[in-house]
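What follows is a short report on a single structure.
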Amino acid sequence: MKKRIQDMDVKGKKVLLRCDFNVPVKEGMILDDSKIVAALNTIDYLVKEGAKIIILSHFGKVKTESDKVNNSLAPIAAHLQKLVNTKVIFSKQPRSLYLEAKIENMNPGEIIVLENTRFEDVPDKLESGNDPQLAMYWAGLADIYCLDAFGSSHRCHASTYGVANYLPSCVGFLVQHEVEMLDEYVLNASRPFTIVMGGAKVEDKVELIESLLPRCDHLLITGGIANSCLATLGFNVGNSLRTKDPEVLSKIKNILIQYKDKIMLPIDAIIGRVYNEDFIEHVNIDKVEEDDIIYDIGMKTIKKYKEIIDNSKTIFVNGTAGKYEDKRYATGTRELLDTISKSNAIKIVGGGDGVSAVKYFNMGDRFSFLSTGGGATLEYIINEGLPAINNIEEK
C-alpha cells in the first residue's frame, strides 16, 4: 500500500501538491469545475493541518510561446479562492525567485498555485521530458510531495513522477478514492460484469478490450469501435468512422472469434448521408449503404443491450454510443445511459467522453462513480497501476 496523506505529519510543513486542474475554460470562464472540486478533500485537510500548500498542475497543450496566452492557470486559481476558506496566491511563473520568497512568507494553511507546469515545456520539454533539474527545483520548494492528480498519473512528467524521487511522498484522497473504486468495482467486479464501450477510435481501445474481456461476462460495443467490428465481419458501414489499419483489423477479428459469446454489436443505426446534411434515417445494420454515415445506435440495439444491463451486478461504461452533442443523434447515448443509471448494479464511468456525456445529460448523481482519469483510468485497468502512483513510497 502506498503512503497516504493521512499517514504523513504535515503540520507546519510545506506540501507540494500535484493536482489535475486541466478543466474546460472558455473566455476565462470555467465550464466544469468538477476536477477542482474533487481535489478539495485533500486541500481542505492540508489547510486544517496548517500546512503551506504549493499546488502544481498542467493546463492545456503548451508547445509554443503563443500557447501560453490562453493556457494560464490564473482563472483556476481565482476560482479555487471561491471554494476554500483560506488565502490563495497565484504565481505567474512555475519557478522564480519571487515564487520562493512568496512561499517563505506564506502563513500556515495558505495556498499558492504555480503557473502551468507545461510552460516549462517551451522550448525544451523539461516538464514532459521529466527533467531531473526541474523536478529537483520543485522538490526543493517543499518538505513533502503529495500526488492527487489521478488523471495525470499515467505520465512520467517532472511534476508527477520526477519530484517523488527527491521528497518523502504520498497520495491524496482523490487518488486513494480512484484506486479503491477501480480495484473493487472493475478489477474485482461482482458478476455478472458488463462493459459498455463506445468512442471513435478502436486503435485506442484494443489493448483495453483485450485486458477486460477475460474479466467480464458481456461487452456491449457502440460508436466507431462497433463500426470497425462490423466492417471486420463483412458489413457495409459506408463512410462511417472506422479503422483501416490491417494490423488492428486482424486483432479485432481474432477478438471477435475468441470472445463471440461475450461480445454484442449493434443491430440497427441512425444514419446520415455524405451529400445531404439534413438527411437522417433509421435502418437495420445490414441496410447501411455506401454513402451512409452511422452516427448513433437505434432503439432495437438499446432494447437488446437493456436485457443484459438489467441482469448485471456491475457495469463499466467507457465512451459514447454516437454523436450525442447533436440532438439528432443523441438518443442512443442518452437512452443507454438512462437504462444503465436505472439498473440496480454498481455503475462506473471511466474515460473523458463517457463522463462528459453523463454530465451533459445531467445524470451524474445516478451513477456509483465517475472517474476523473480519462486515459489514466484506462491505463490503470490495463496495467493495474500507473507510473506516477507506482513511484510513491510504500507505507
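Worth pointing out:
- Hypothetical label at Val37: residues of the range 356-383 whose amide nitrogen lies under 11 Å (7 Å Cα-Cβ projection): 364-365
- Sum of side-chain charges, Ser228 neighbourhood, beta-carbon under 12 Å (Lys, Arg +1; Asp, Glu -1): +3
- Charged neighbours of Ile209, selected by a Cβ distance under 13 Å, balance to +2 (K, R count +1; D, E count -1).
- Lys, Arg +1 and Asp, Glu -1 on Cβ, resulting dipole of the chain about Cα centre, debye, nearest 20: 620
- Efficiency of FRET from Cβ geometry, Lys287 and Glu184, R₀ 56 Å, rounded to 0.05: 0.85
- Dipole magnitude of the range 183-229 about its Cα centre (Cβ charges: Lys, Arg +1; Asp, Glu -1), debye to nearest 20: 160
- If you wrap the range 246-374 in the convex hull of its Cα atoms and look at it from every side, the mean projected area works out to 9.1 nm².
- Ranking Lys251, Lys52 from most to least accessible surface, computed with a 1.4 Å probe over the protein chains only, gives Lys251, Lys52.
- Mean residue ellipticity at 222 nm, helices only, the chain: -9000 deg cm²/dmol; runs of at least 4 DSSP H residues each add -39,500 (n - 2.57), and the sum is divided by the number of residues.
- Neighbourhood charge, 14 Å Cβ-Cβ cut-off, centred on Lys244 and excluding it, Lys, Arg +1 and Asp, Glu -1: +1
- Pairwise Cα inverse-distance average, inverted: Kirkwood Rh of the chain (Å): 22.4
- Label-to-label distance, Asn362 versus Ile382, with points set 7 angstrom from Cα along the beta-carbon direction: 3.7 nm.
- If the chain linking Gln93 and Asn311 were pulled fully straight, counting 0.36 nm for each residue of separation and taking away their Cα-Cα distance, it would gain 73.1 nm.
- Relative contact order of the range 213-310, defined on C-alpha pairs under 8 angstrom at six or more residues apart (%): 32
- Reachable lysines, given that their alpha-carbon falls under 25 Å from the alpha-carbon of Lys82 and they are not under 8 places away in the same chain: Lys11, Lys13, Lys14, Lys26, Lys35, Lys48, Lys52, Lys68, Lys92, Lys102, Lys359
- In the range 252-340, the GluC sites (Glu not before Pro) that fall in loop regions by DSSP, at most 13 other Cβ within 10 Å: Glu289, Glu290, Glu325
The values are calculated or read from the model by the stated rules, or taken from the named source; none is laboratory data. Because the structure is a prediction, the values reported are computed rather than measured. Using ideal geometry, Cβ is built from the backbone for each residue, glycine included, and neighbour counts are taken over all protein chains shown. Heavy atoms of the whole protein, side chains included, go into the accessibility calculation; ligands, DNA and RNA do not. Shrake-Rupley method; radii C 1.70, N 1.55, O 1.52, S 1.80 Å.
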